[in-house]
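In what follows, a structure is listed as C-alpha cells, so that the remarks can point back to it.
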Amino acid sequence: MKLPYQSTNPNTGVLNYEILGSTLTLEFQNAKHRYVYGPAAPGARQVAKMIELARAGKGLSTYIVQHVESYQAKLPLFEPPSAL
C-alpha cells in the first residue's frame with residue numbers, strides 16, 4: 001500500500017513510499033519514475049534504514065543522497081488514459 005511521506009520539511013523530494021517485504025518503492029516530487037530499492041541493491045542494511053526513515057518521516061532524502069543514490073531500479077509511473 002502506497003503511503004504519503006509525512007515529513008515536516010516542506011522541501012523534501014519524497015512524495016510517497018511503499019514497503020513490500022524487504023523492498024522500498026519511492027515516488028519523488030516531479031519524477032516520471034518510481035524508484036525501487038531492495039536487498040540486492042543497495043543492500044538489506046541500507047533498505048532497512050531507508051524503511052525506518054520513511055516511517056519516521058525524517059531524513060530519507062538526505063540518506064539517499066549520501067548513501068544510496070545510484071542503487072535503484074526505475075519503474076515508469078502509471079499514467080491514466082487521456083480523456084477523449
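Some observations on this one:
Condition check ((1) surrounded by 18 or more Cβ atoms within 10 Å (Cβ to Cβ); (2) under 20 Å from Leu75 (Cα atoms); (3) of a type outside the set (Phe, Trp, Tyr)) across all residues:
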{"site": "Thr8", "(1), (2), (3)": "no, no, yes"}
{"site": "Val14", "(1), (2), (3)": "yes, yes, yes"}
{"site": "Tyr37", "(1), (2), (3)": "yes, yes, no"}
{"site": "Ile51", "(1), (2), (3)": "no, yes, yes"}
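- Test result for Gln46, at pLDDT 90 or above and either of a type in the set (Phe, Trp, Tyr) or surrounded by fewer than 17 Cβ atoms within 10 Å (Cβ to Cβ) (or both): no
- The C-beta contact set for region 1-20 (first residue more than 15 Å from Ile64 (Cα to Cα), second residue part of a loop (DSSP other than H, G, I, E, B) and basic (Lys, Arg), distance under 6 angstrom, 6+ apart or interchain) comprises Glu18/Lys2.
- Wholly enclosed strands (runs of 3 or more DSSP E) of region 1-74 bearing at least 1 residues of a type in the set (Lys, Arg) and under 12 Å from the mean Cα position of the chain (by Cα): 33-37
The values are calculated or read from the model by the stated rules, or taken from the named source; none is laboratory data. Computed from a predicted model, the values in this text were never measured in an experiment. Here the Cβ is made from the backbone with ideal geometry for all residues, glycine too, and neighbour counts use every protein chain on show.
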